[in-house]
Amino acid sequence: MSEPCRIIITTRPSWKFKPIRVPEGFRIINIPLTEITPISVDWNHIRAFAPQVLIFTSTVGARIFIESENEFVSDKIEVIAIGSATASELSSRFSNITVPASRNSDGIVDLLSSGNYNGRKIAVFSSAKSNRIIQNYLSKNNYTYIQCDLYDALPVSSSKITEYLTRNDVAAVIITSSQEAEVFMDIAGPQAALKPLYAIGETTASTMNRIGIPPSEPLGKSDLESLVKEICRKFSGST
């Protein structure tokens, strides 16, 4: 008799989630904790600023940018993408794309501090709920930049995630942003500790530790698919 399928819960907004292939015996169920709402952007203002460097902190922001009629395309513009998935979204329009070694906001700060970026005009495209680590660094170090919020992430009106936390076939829950960690804690309450929780990256892990739901190992490197595969290997080796 075959063992029951192990479920791994992910918490990405529906618009951001893409199916992930998992080994036999596992199944992914995505239960959004937030929903994406695009924000109106004054593209004329950004064009007038004439940015030389564009920074993108998420695939959602990259997709909104590409799908908008902003006409930004130039071989002279350098793009910094927070990860490979974000870079892939932007590759249809830009060829000069850099991904930092550490695929998070701190990694982008490290890239900026080690490169020839001060003195160049920078536009930062992100969520209204971004951690502002990059923006704070730019302000503190007197970079010339503008901030552009492309979308907001609002808590879903209702979530079924608590229904899964008591199920025996649920093996793990992956929290995919700091905001989702806080929403999850608000929704789940004491049930938050019923299943092993995993963080998509260091920033999310820090938030989870701060609010009292410490993440399990392994810690993600801002790549959901890679983290899912690591968790599957971990549970495949357990008895």
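With the convex hull drawn around the C-alpha atoms of the chain, the volume per residue stands at 129 Å³.
What is the percent carbon and sulfur in the accessible area of the range 1-75, measuring with a 1.4 Å probe over the protein chains and ignoring ligands?
That share works out to 50 percent.
When shorter helices are ignored and each DSSP H run of at least 4 residues is given -39500 (n - 2.57), the per-residue value for the chain at 222 nm works out to -9500 deg cm²/dmol. Of the listed residues 109, 79, the order by accessible area with a 1.4 Å probe, largest first, is 109, 79. Relative to the dominant Cα principal axis of the chain, helix 224-236 is inclined by about 20°. Please compute the Kirkwood hydrodynamic radius over the range 93-147, one decimal place, Å, based on all pairs of different Cα atoms. Mean inverse Cα-Cα distance, inverted, gives 11.9 Å. Per residue, the convex hull spanned by the alpha carbons of the range 106-239 comes to 126 Å³.
To one decimal place, what Kirkwood hydrodynamic radius in Å is obtained for the range 43-117 from all pairs of distinct Cα atoms?
After inverting the mean inverse Cα-Cα distance, the result is 12.6 Å.
Per-residue extension of 0.36 nm, minus the Cα-Cα distance of residue 160 and residue 43, leaves a gain of 38.3 nm for this segment.
Kirkwood radius for the range 186-225, taken over all pairs of different Cα atoms as the inverse mean of 1/r, rounds to 10.5 Å. Rounded to the nearest 20 debye, the dipole magnitude of the chain is 260 debye, with +1 charges on Lys and Arg beta carbons, -1 on Asp and Glu beta carbons, and the Cα centre as origin.
Taking the range 61-177 as the region of interest, what is the percent of Cα-Cα pairs per 5 angstrom bin, listed from the shortest bin to the one with the maximum distance? Going from the shortest bin to the longest, the percentages are 2, 9, 17, 21, 18, 12, 8, 6, 5, 3, 1, 0. Looking at 213, 92, 50, which one has the Cα that reaches farthest to the positive end of the dipole of the chain (charges on Cβ: Lys, Arg +1; Asp, Glu -1)? Towards the positive end, the residue furthest out is 213.
Taking the DSSP bridge list for the chain and keeping only pairs wholly inside it, about 15 percent are antiparallel. With a cut-off of 13 Å between beta carbons, the residues surrounding residue 210 carry a summed charge of -2, where Lys and Arg count +1 and Asp and Glu -1.
Exposed loop sites here mean trypsin sites (Lys or Arg not before Pro) with a DSSP loop assignment and at most 12 other beta-carbon atoms within 10 Å; the chain contains its longest site-free run at 77-159. Accessible surface for the chain, divided over its residues, is 50 Å² per residue with a 1.4 Å probe.
Note on the range 52-94: semi-axes of the ellipsoid equivalent to its C-alpha gyration tensor, largest first and rounded to whole Å, are 15, 12, 8. Of the whole protein surface, residue 208 contributes about 0 Å² of accessible area at a 1.4 Å probe radius.
The values are calculated or read from the model by the stated rules, or taken from the named source; none is laboratory data. Everything numeric here is computed off the predicted structure, so don't read it as measured data. Neighbour counts are summed over all protein chains in view; Cβ atoms, including those assigned to glycine, are modelled from backbone coordinates with ideal geometry. Remember, those area values only see protein heavy atoms, side chains included, never the ligands or the DNA or RNA. Shrake-Rupley method; radii C 1.70, N 1.55, O 1.52, S 1.80 Å.
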